[in-house]
1. Counting Lys and Arg as +1 and Asp and Glu as -1, each charge on the Cβ, what is the dipole of region 232-307 about the Cα centre in debye, to the nearest 20?
2. Cα to Cα, under 26 Å, and not fewer than 8 places away if on the same chain: which lysines meet these conditions relative to Lys145?
3. Starting from the Kirkwood Rh over alpha-carbon pairs, what translational D in µm² s⁻¹ does the chain have by Stokes-Einstein at 37 °C and 0.692 mPa s?
4. Once you have the Cα-Cα distance between Ala283 and Thr46, take 0.36 nm times their residue separation minus that, and quote the gain in nm to one decimal.
5. Lys and Arg at +1, Asp and Glu at -1: add these up for the other residues within a Cβ distance under 12 Å of Leu177 and post the number.
6. What's the extension gain from Leu293 to Leu268 if we count 0.36 nm per residue and subtract their Cα-Cα distance?
7. Only Lys, Arg, Asp and Glu count, each charged at its Cβ (+1, +1, -1, -1), so figure out the dipole size of region 160-280 about its Cα centre, rounded to 20 debye.
8. For region 83-204, compute Rh as the Kirkwood radius over C-alpha pairs and then the Stokes-Einstein diffusion coefficient at 25 °C and 0.890 mPa s; write the answer in µm²/s, rounded to an integer.
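Bear in mind these aren't lab numbers, they're just calculated from the coordinates by the rules spelled out. None of the values given here were measured: they were computed from a predicted structure. No Cβ is skipped: glycine too gets one built from the backbone with ideal geometry, and neighbour counts run over all protein chains shown.
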Amino acid sequence: MRKLLPFPFLLCAGALFAQQSPPEGFSLNSINSLQASQIALSNWATGGESSVSLNGSFVIDARHKKGRMSSELVVNWLVGLFKTEDLPVRKSQDQLTIVAISGYHITPITPNFGAGLLADITTQVAPSYIFNRSLVQALGGDSVKGIKKGDFLSPGQIEVGVGFRIVKQKPLLDLILAPVMLKQTVILDKGIRTLDKTLPHGLYGNHGKTVRSETGAYARLFFRIPLMENVAADGNLKFFANYGDQDLDTSLNLTITGKINRLLSASLHTTLIHDNDVDTDLAKPGKQERVQLREVLGMNLTYAFQL
């Protein structure tokens, strides 16, 4: 635990990157959406299960600027739950990201360029479980309750570094390059650390340790591009290259949203992750280093406010 950077410090440290002429003062924006679906079957001969699912997206974006100093805190939580007939409520998605930024314009002539510190935190909020019956029985767990394989900051990724930022407004392109980045993979839950150590090829690469630290280079590109009238694509692409090996950790969050009216919209959200330290299929022998994919398609009820 001594290696773990203080959590409040990470929330406050953020990044000293310049913004492109944001308005003076404080602003708070929030966009929240919710989608639900249900499948009901009775005496259905061709198979299937009744199910209920609920997915939500919650974003808070707080910014402050005074003179050449600016700060930013963005919290984004993607959460989804579903229930089938014979199994308890499970998660379909659960990803919390926190990015804090506070910066200084290097010169008044180049307000879209700056340099400084960056903090980026990614974790899940609620527990997740393994329900594969043969695997659960082999590990000595309860086949109904499953075995817990994830929880808050178990694992969690905390990245802090120094670098440069370039922002272009139309279309919005936000590029961060950090040549020196400390990445910490954290597993606070003792049971998950034990599972990570017990499995032949590990689970998250910590080998039973609470904190695994890596030093490398980091790049992040955020973009918002209009595709057609009332349709836009938002993307967040991240890379981390460890100086100690040749592995490249990659993640992409891409959302395509089509606005129907003030409250309703249709969206397609896709997440791609590749991390050689994570075993993606524990039921198969050997370590499975595959691309992780999650896709959520649905109709959203959206509520937004601004201060």
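1. 540 debye
2. Reachable lysines: Lys83, Lys91, Lys190, Lys197, Lys209, Lys284, Lys287.
3. Values: Rh = 21.2 Å.
Using the Kirkwood radius from Cα pairs, D works out to 155 µm²/s.
4. Values: separation 237, 0.36 × 237 = 85.32 nm, distance 2.80 nm.
My answer for the length gained is 82.5 nm.
5. Numbers: positive: Arg165, Arg220, Lys238; negative: Asp174.
Once all neighbours under 12 Å are counted, the net charge is +2.
6. Values: separation 25, 0.36 × 25 = 9.00 nm, distance 1.31 nm.
Contour length minus Cα-Cα distance gives 7.7 nm.
7. Details: 14 positive and 12 negative charges, 103 e Å.
Roughly 500 debye, rounded to the nearest 20.
8. Values: Rh = 17.5 Å.
Stokes-Einstein gives a translational diffusion coefficient of 140 µm²/s.
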